[in-house]
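Here is the structure we will look at, set down as structure tokens.
The values are calculated or read from the model by the stated rules, or taken from the named source; none is laboratory data. These figures come from a predicted structure and were not determined experimentally. Ideal geometry is used to build each Cβ from the backbone, glycine not excepted, and the neighbour counts take in all protein chains shown. What goes into the accessible areas is simple: the full protein's heavy atoms, side chains included, and nothing from ligands, DNA or RNA. Shrake-Rupley method; radii C 1.70, N 1.55, O 1.52, S 1.80 Å.
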Amino acid sequence: LKIIFPWYKSIRLLVKIQYTSHVESGSTRTEIKHWVELFFCVKVIAMNSHQLLEKGRRMGPIMGHTMYYKRMIITLQPGYSISPLRMKRT
């Protein structure tokens, strides 16, 4: 029996210098690439993206859906990495 967690793929991709992130669905690939290179001071080789399915939500008689977003898989050049953001504990 093999248990697969939802974040398992993200951890596997770290070995290949690939990072996953959720972004707004209206963002373009070039905008995201520019932002990642500027904010983290890294060089991006490739970016893959896919649209996640929206989930239905009901509030009384009205049927709606949750906000949908894209998942990006960003590949960096060898020698670059993104350090994890750490939160201060108070």
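Observations, loosely collected:
- Mean Cβ neighbour count within 10 Å, used as a protection proxy, ranking 40-46, 24-30 highest first: 40-46, 24-30
- Heavy atoms of the protein chains alone define the surface here; on that basis segment 5-55 has 79 Å² accessible area per residue at 1.4 Å probe size.
- Per-residue packing, averaged as other Cβ atoms within 10 Å, sorts the ranges 8-14, 52-58, 33-39 into the order 33-39, 8-14, 52-58, beginning with the highest.
- You can think of it this way: the chain between Ile82 and Thr20 has 21.2 nm of extra reach, that is 0.36 nm per residue less the Cα-Cα gap.
- With R₀ set to 25 Å, the beta-carbon distance separating Cys41 from Thr66 gives a calculated FRET efficiency near 0.15.
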